[in-house]
Amino acid sequence: MNIKELNKRKVPIVRIDKSLNKYTNVVLFPDKLEKANEMLRKVGLPKQVLSR
Amino acid sequence: MNLPRYQLAGNDKLTTFEFVSEGPKGRIQKLVQFTSTNLKDVYNLAFGDKDKVTGKIDDTIISNNGDSEKVLATVTATIYAFTDKYPDAFIYATGSTKSRTRLYRMGITKYLSEVENDFIIFGETKEGWDIFEKDTNYFGFLIQRKNY
């Protein structure tokens, strides 16, 4: 599969890199997470969300 | 999206992804992370540059590596990969600055006709949430995968 064909795939091929597992339980962007939690506390989720 | 993008590496759980931006400023390692929030199934999406020397991650830096579209297309690809594994996930994203949030809005607007086949996108306003519309400013975005 060439690069063009790879780019056509919506779901990308992801190479699993075990060295990235060190980030699994680490919050790399704590400020953003805080903003997200603040938003969820104040605004919550949209009423129109799809229920599965 | 049929756009050029970078090759991705991910951790076992597909919650953290890495790719390398290539441009006039050289090779810049980027990390994308989906982090659980206080609400079940809602994840925060953030990405930034990894400093080669210190290893620290910075989501405020402006790389100016001339590849912002390719970077955004790559980040979008991580959303496909993540929601393939976690189809019930809601993903919240906002920029580290107003101008960066605006950049995300412009990116969504540009490819809205393509991504709205696969995702429902909401925009955060003062009043709450609206279905994403072009030419509207939002504080942040919430994304939900369709077709599951």
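Quick check: anything in segment B:88-98 within 22 Å of A:Val14 (Cβ to Cβ) and surrounded by fewer than 21 Cβ atoms within 10 Å (Cβ to Cβ)? Looking for residues that are within 22 Å of A:Val14 (Cβ to Cβ) and surrounded by fewer than 21 Cβ atoms within 10 Å (Cβ to Cβ), one finds at least one in segment B:88-98, hence yes. Taking every residue in segment A:22-37 that is part of a loop (DSSP other than H, G, I, E, B) and pairing it with any residue that is among the aliphatic types (A, V, I, L, M), at least 6 positions away or on another chain, the pairs with Cβ-Cβ distances below 6 Å are A:Val27/A:Leu33; A:Leu28/B:Ile57; A:Phe29/B:Ala46.
Name every residue in segment B:37-51 that is loosely packed, with under 12 Cβ neighbours inside 10 Å and not basic (Lys, Arg), in order of residue number.
Selection gives B:Asn38 alone.
When restricted to residues that are without any contact (Cβ under 8 Å) to a residue 40 or more places away in the chain and among the hydroxyl-bearing types (Ser, Thr, Tyr), segment B:59-74 contains 2.
The residues in segment B:116-148 that are charged (D, E, K, R) and under 17 Å from A:Leu45 (Cβ atoms) can be counted, and the count is 6.
Within segment B:52-68, at least one residue is under 23 Å from B:Gly10 (Cα atoms), within 10 Å of another protein chain (Cβ to nearest Cβ), among the basic types (Lys, Arg) and surrounded by fewer than 14 Cβ atoms within 10 Å (Cβ to Cβ). Counting residues in segment B:132-140 that are among the basic types (Lys, Arg), free of Cβ contacts under 8 Å to residues at least 60 places away in the same chain and closer than 20 Å to A:Ala36 by Cα gives zero. None of B:Thr136, B:Thr101 is in contact with a Gly (Cβ under 7 Å, 6 or more places away or on another chain), among the polar types (S, T, N, Q), under 18 Å from A:Gln48 (Cβ atoms) and not in a strand (DSSP E or B) except B:Thr136.
When the residues of segment B:104-133 are filtered to those that are in a helix (DSSP H, G or I) and charged (D, E, K, R), the one that is nearest to the other protein chains (Cβ to nearest Cβ) is B:Glu114. In segment A:11-39, what residues are more than 13 Å from the chain's Cα centre (by Cα) and among the basic types (Lys, Arg)? Listed by number, the residues that qualify are A:Arg15, A:Lys18, A:Lys22, A:Lys35. Restricted to segment A:16-42, and to residues there that are closer than 12 Å to B:Leu39 by Cα and within 8 Å of chain B (Cβ to nearest Cβ), the residue that is surrounded by the fewest Cβ atoms within 10 Å (Cβ to Cβ) is A:Arg41.
Of the residues in segment B:25-45, at least one is out of contact with any helix residue (DSSP H, G or I) (no Cβ under 6 Å at 6 or more places or on another chain) and at positive phi. Scanning segment B:14-38 for residues that are in contact (Cβ under 8 Å) with a residue 40 or more places away in the chain, out of contact with any strand residue (DSSP E or B) (no Cβ under 6 Å at 6 or more places or on another chain) and facing chain A (nearest Cβ under 7 Å) yields one hit, B:Leu14.
A short reminder: the numbers here are calculations on the coordinates, not readings from a lab. Note that the structure is predicted; figures quoted are calculated from it, not measured. No Cβ is skipped: glycine too gets one built from the backbone with ideal geometry, and neighbour counts run over all protein chains shown.
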